[in-house]
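Heads up: the structure comes next, in structure tokens.
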Amino acid sequence: MLAYGQGRSYGDVCLNNGGVILPTENLQRFIQFDRDKGILRAEAGVTLAQVLALVMPQGWFLAVTPGTKFVSLGGALANDVHGKNHHRAGSFGCHVSAFELHRSDGERLVCTPKQNSDWFRATIGGLGLTGFISWVEIKLKPISNFYINQQIYRFANLQEFLSLNDSLEANWEYTVAWIDCLARGKKLGRGLYMAGNHSDNSTADRQTIDQPSLNMPVEAPGFVLNRFSVRAFNTLYYRKPRKNISNVHYDGYFYPLDKIAHWNRMYGKRGFFQYQCVIPPDKAEQSLHQMLDTIARSGQASFLSVLKKFGENPAPGLLSFPRPGITLALDMPNRGPKTLSLLDQLDKITMHNSGAVYPAKDARMSAQAFEIYYPEWQTFRQYIDPEFSSSFWRRVSPAK
Amino acid sequence: MKNILILGATSAIAEKFAQNLARQNCRYYLVSRNQARLDNIADDLKIRGAGEVICHAMDLTETAKHEPLVQDAVNKIGKIDVVLIAYGSLGDQAACESSVELTLRELNTNCLSVISLSTLLANVMEKQASGCLAVISSVAGDRGRQSNYIYGTAKGALTIFLQGLRNRLAKKGVQVLTIKPGFVDTPMTKDFNKGLLWVSPDNIARGIEKAIQRRKDVVYLPFFWRYIMLIIKLIPERLFKKLSL
């Protein structure tokens with residue numbers, strides 16, 4: 001068995017090929033909402049979009065949000081997702097105050113940081129393997145309006161990114177950088193640094209956006225995204241003159257891809273791979289340099305490449321991905337063995353530098369790599385429900 | 001504030017319908033068999049902004065209890081602005097064919113008990129000279145087909161009943177809305193393989209809300225079922241009887 005929420009994980013952590021899945025789409029009720037303290041308890045199938053539609057008009061926001069609002073609370077917990085404010089707020093799990101776990105033997109465990117705390121740690125980031133999460137309680141954060149004050153800085157290479165980040169991080173709640181993965185040589189790692197804070201003086205437009213406004217009706221032909229089209233896009237995007245400071249609506253700021261339903265179809269029938277790794281701070285510059293160089297040389301265009309520095313806040317889960325360091329996220333059109341071998345090369349660099357790869361976005365890491373990235377798996381294993389498994393788990397634990 | 005009576009409130013479509021309106025501070029009277037599930041829904045609706053939620057657990061196929069139920073609803077919420085009748089059962093056609101008892105039970109659930117409730121509620125609304133009686137029928141009632149004609153019979157008879165009722169109440173300012181959904185992905189249809197034509201309960205719920213606002217009489221949901229059923233109705237019987245639909 002495996003619980004299945006919105007199916008937004010990029011790889012196979014949400015799949016259970018040949019097994020049974022337990023969809024949570026009918027578990028979408030709110031259970032308790034303390035409007036004064038900002039504490040919300042809801043069934044695990046409730047999506048972040050539904051949470052925002054409820055709490056934003058009351059002056060609350062998610063303490064941590066990933067780049068899409070179309071994920072369920074259960075999924076956000078099981079993957080211990082993170083957002084652009086990791087350096088301040090830590091991961092999603094840091095703001096979970098309680099949840100209920102159903103075990104296949106009928107036992108129901110209410111888990112909090114104090115009560116059943118070992119189950120709490122195993123289940124946050126536990127990829128749904130410890131049992132069925134039926135409800136989740138989260139702590140929200142107060143906001144005064146729906147806008148984000150955004151400032152964009154251009155950086156010419158990786159080193160500039162790092163020093164820019166050091167100087168800006170303390171003043172900005174949200175930070176993330178887009179990089180041009182095809183730039184080489186001196187321009188290697190050039191990109192745009194986007195910093196944001198909740199705006200404090202906007203009264204405009206208090207509408208939540210609950211549905212995509214555009215749709216990608218069919219798959220694009222495979223040739224649309226190639227190194228030339230992506231290079232052209234990247235150069236234009238990097239060079240595009242823009243206002244340095246702007247006040248932007250929260251939805252466009254946090255969830256740009258949510259505007260287009262089925263945006264993944266842009267990658268055509270063969271789809272794409274996501275790769276997200278984190279490298280410890282002391283080794284980050286040199287290994288990211290190596291990775292970006294490897295990618296640029298391969299000519300395999302990554303359309304959306306993102307850099308972000310994680311903070312020191314320890315993630316609560318045994319298998320949580322976020323840890324101190326720099327994280328790089330890429331998506332790559334699936335070109336078969338060529339792409340897989342490039343990703344294997346990136347894995348080698350990550351392994352060699354004591355980094356880790358994010359299971360929620362993975363579809364191909366080896367069992368050996370997983371073991372190195374997540375040494376806690378030995379402890380974690382004791383908490384797996386005997387009736388629960390996933391395609392991902394069977395892939396990374398063949399001999400375990 | 002609107003007063004809304006929902007019969008079969010734990011049905012997936014009804015629950016979404018209630019959720020979508022909750023932000024408008026509505027008052028609800030909810031009826032279904034399962035008290036615990038009603039309580040969950042009531043908590044959810046209150047968090048979403050519902051003014052008041054009254055839950056009543058009973059089996060709606062017991063027609064003898066309909067009069068006290070309607071009386072209680074009127075006593076507790078007063079004027080009834082919207083009624084949504086959403087309960088039903090998709091019986092096993094093959095089992096019905098070999099059991100008269102089962103056939104009659106399905107007809108009672110999907111048709112007779114609904115007619116009983118509609119009759120009582122129609123009289124209340126006729127007296128208040130306002131309100132909307134929205135009843136979920138089905139595209140299955142548009143033509144008898146071998147695969148589910150017991151369900152189809154119940155929904156077809158219900159559709160005709162509602163047509164007559166609409167004719168009677170039109171002069172009194174009461175809206176009678178016949179809702180004909182196609183394939184909806186709900187617990188009732190959990191055993192079906194879902195294809196292109198299937199939609200979510202939320203999709204249907206939004207369609208119902210819109211149809212009530214626009215004071216429609218009959219609505220196919222999603223809209224394209226009107227044309228699918230038109231084609232199905234146009235096939236000559238001589239040919240139709242040989243098809244396996």
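The values are calculated or read from the model by the stated rules, or taken from the named source; none is laboratory data. On a predicted model such as this, the values are computed, not experimentally measured, just so you know. When we count neighbours, we look across all protein chains shown, and the Cβ atoms used for this are built from the backbone with ideal geometry, even at glycine.
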For this session: Tally the residues that are touching a residue at least 40 places away in the same chain (Cβ under 8 Å) and assigned to a helix (DSSP H, G or I), restricting the search to segment A:149-171.
Result: 6
Exercise. Can you tell which of A:Ala53, A:Ala42, A:Ala122, A:Ala76 is within 14 Å of another protein chain (Cβ to nearest Cβ), among the hydrophobic types (A, V, I, L, M, F, W, C) and in a helix (DSSP H, G or I)?
Worked result: A:Ala53
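Quick grid of which residues meet (1) within 22 Å of A:Val306 (Cβ to Cβ); (2) within 13 Å of chain B (Cβ to nearest Cβ):
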position: A:Tyr10; (1), (2): yes, no
position: A:Asn17; (1), (2): no, no
position: A:Leu22; (1), (2): no, yes
position: A:Gln28; (1), (2): no, yes
position: A:Gly59; (1), (2): no, no
position: A:Thr68; (1), (2): yes, no
Exercise. So which of B:Gly207, B:Gly173, B:Gly156, B:Gly195 is surrounded by fewer than 20 Cβ atoms within 10 Å (Cβ to Cβ) and closer than 27 Å to B:Gln24 by Cα?
Worked result: B:Gly173
For this session: Evaluate the following for A:Ile143: is it surrounded by fewer than 21 Cβ atoms within 10 Å (Cβ to Cβ) and among the aliphatic types (A, V, I, L, M)?
Result: yes
Exercise. Do any helices (runs of 4 or more DSSP H) lying entirely in segment B:94-202 carry at least 1 residues that are in contact (Cβ under 8 Å) with a residue 60 or more places away in the chain, and which ones are they?
Worked result: B:113-128, B:149-169
For this session: Starting from residues that are part of a helix (DSSP H, G or I), of a type in the set (A, V, I, L, M, F, W, C) and within 12 Å of another protein chain (Cβ to nearest Cβ), keep the ones in segment B:40-84 and report whichever is farthest from B:Thr119 (Cα to Cα).
Result: B:Ile47
Seminar exercise, completed: Those helices (runs of 4 or more DSSP H) completely within segment A:320-400 that have 1 or more residues that are under 20 Å from A:Leu158 (Cβ atoms) and at pLDDT 95 or above are A:337-352
Exercise. Could you list, in sequence order, the residues of segment A:12-37 that are part of a loop (DSSP other than H, G, I, E, B) and buried (at least 20 other Cβ atoms within 10 Å of the Cβ)?
Worked result: A:Val13, A:Cys14, A:Asn16, A:Thr24, A:Leu27, A:Gln28, A:Arg29
For this session: Report yes if some residue within segment B:207-228 is within 14 Å of chain A (Cβ to nearest Cβ), assigned to a helix (DSSP H, G or I) and of a type in the set (Asp, Glu); otherwise report no.
Result: no
Problem set entry | Subset of segment B:29-39 that is outside any loop (DSSP other than H, G, I, E, B) and away from chain A (no Cβ under 14 Å) - its residue that is surrounded by the fewest Cβ atoms within 10 Å (Cβ to Cβ) | B:Gln35
For this session: Those residues that are more than 24 Å from A:Ser9 (Cβ to Cβ) and not basic (Lys, Arg), I need them from segment A:110-139; list them, please.
Result: A:Val110, A:Thr112, A:Pro113, A:Gln115, A:Asn116, A:Ser117, A:Asp118
Exercise. How do the pairs read when you match residues in segment A:332-346 that are of a type in the set (Ser, Thr, Tyr) with residues anywhere that are buried (at least 21 other Cβ atoms within 10 Å of the Cβ), using Cβ under 7 Å and keeping only pairs 6 or more apart or on different chains?
Worked result: A:Thr339/A:Phe273; A:Thr339/A:Gln300; A:Thr339/A:Met332
Exercise. Would a scan of segment B:61-69 turn up a residue that is out of contact with any Pro (no Cβ under 8 Å at 6 or more places or on another chain), within 14 Å of B:Leu7 (Cα to Cα), hydrophobic (A, V, I, L, M, F, W, C) and surrounded by fewer than 19 Cβ atoms within 10 Å (Cβ to Cβ)?
Worked result: no
For this session: Among the residues of segment A:99-140, count how many are out of contact with any helix residue (DSSP H, G or I) (no Cβ under 8 Å at 6 or more places or on another chain) and at positive phi.
Result: 2
